[in-house]
Amino acid sequence: MSRNLHPSERGQFTRPWRIFGAFAAGAILLATPFVSAKKMKADALVALHLKAIGENLPRKNRVAQGLGTLDIRVGNRAKMVGPAMLLAEGNKLRTEIKFGHPQYVGETLIRNGEALDIPYVSPGERSRLGSTLWDFFPRLAQEGLYGGVLSTDWALLDLGKRRASVRYQGLKKFEGRRLHRLEYRPKNGVDYRIRIYFEPETFRHVASRYRLTLPPGMGRGLVDIRGGAFGAGSGPADKIRISLTETFSDFKEVDGLTLPHQYRIALNASAIGGFVGHWEIKFDRVMHDMRIAARAFAIE
């Protein structure tokens, strides 16, 4: 099964030494993170972020392998572990954690251009994460946001091509840290809020947060890993608030690129019978320009 984007889911000459002086002053401001935030512009932040990744940005593909874990903290508590991988090539992406449980074989997401597939984890059922991505956040993968800089189609690599708009919002608190925050709006808009966070010292992309509030009665199609109802509240005044957060850490240099080797997804759905779960991958190998079989990105 594949999913394509719905339209509703789819803006005088100056003396040389004066130019140099202005440039130098700007460089000093940008080199001091908490001062630079006062005059930072979105395009400057994006440029500094891309420079922080490395000069060797164009790569044919990326293969990352490691160990994945699941930790469900609210709603059918469970912990699982299994091999994990990420494959990226152009605008194609595959992320996978294999748990091998009869009722939860693992998590898989496949993006092949505009098409998206999130396979069932048991007959006829997607996981909490899979259902959330499929039903409410499909644009994350299709927009090149999901997976952050680990994706070869990372959204900030070419904003002009995507025609997305970005707005710098200053240094904001995120999980106890003050980080540069960028608001991202896809060309045709989405029903949820997208905020991207960067370290002020390094300009590395360390987090993305997506938030959605649903009217009463929605969200009942979601199921947990054991087939239970997602929980849409008990009365007409109840709403479901969904927060999906990606965090990136343990940055290391690979082939001239500084990439995260720890990738975490946190899903928090607050309602009666809500859910809090974390999926995490620790990569021990990241490789480039490998041979990837076409079937890895096949959607049936």
For A44 and L159 in one chain, what is 0.36 nm times their gap in residues minus the Cα-Cα distance, to one decimal in nm? 40.1 nm
Do the alpha carbons of any pairs in K98/K252; K187/K239; K41/K239 sit beyond 31 Å of each other, and which pairs? K41/K239
Taking a ≥ b ≥ c as the square roots of the eigenvalues of the Cα gyration tensor, with a/c under 1.5 meaning rounded and otherwise prolate when a/b exceeds b/c and oblate if not, the stretch 172-219 is oblate
The stretch 242-292: trypsin sites (Lys or Arg not before Pro) in DSSP coil with no more than 14 other Cβ atoms inside 10 Å: R291
Charge sum, other residues only, whose C-beta stays under 12 Å from R94's C-beta, Lys/Arg counted +1 and Asp/Glu -1: 0
State in Å² the accessible area per residue of the stretch 74-210; use a 1.4 Å probe, count heavy atoms of protein chains only, and round to the nearest integer. 40
Counting alpha carbon pairs within less than 8 Å and at least 6 residues apart, what relative contact order, in whole percent, applies to the stretch 39-179? 18
Please compute the contact order of the stretch 65-122 in relative form: average sequence separation of alpha-carbon pairs under 8 Å and at least six residues apart, divided by the residue count, as a percent. 24
Testing the spin-label approximation: label points 7 Å from Cα along Cα→Cβ at R193 and Q103. State their distance in nm. 3.5
Return the Rg/Rh value of the stretch 47-204, two decimal places, where both radii are evaluated on C-alpha atoms and Rh is the Kirkwood radius. 0.98
Tell me, what % of the accessible area of the stretch 72-121 is carbon and sulfur with a 1.4 angstrom probe? 53
Taking protein heavy atoms only, a 1.4 Å probe, and rounding to whole percent, the accessible area of the stretch 157-213 owed to carbon and sulfur comes out at 36
Environment charge of P58, counting only residues whose C-beta is closer than 13 Å and scoring Lys/Arg +1, Asp/Glu -1: -3
Kirkwood hydrodynamic radius, the stretch 117-202, all distinct C-alpha pairs: what's the number in Å? 14.6
Distance in nm between pseudo-label sites at E114 and Q65 (7 Å out along the Cβ direction from Cα): 3.5
Can you compute the FRET efficiency between M287 and K51 using 1/(1 + (r/R0)^6), with r the Cβ-Cβ distance and R0 = 30 Å? Round to the nearest 0.05. 0.85
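The values are calculated or read from the model by the stated rules, or taken from the named source; none is laboratory data. All figures in this text were calculated on a predicted structure; none of them were measured in a lab. Don't worry about glycine lacking a Cβ; one is built from the backbone with ideal geometry, like all the others, and counts go over all protein chains shown. Just the protein is used for accessible areas: all its heavy atoms, side chains included, with ligands, DNA and RNA removed. Shrake-Rupley method; radii C 1.70, N 1.55, O 1.52, S 1.80 Å.
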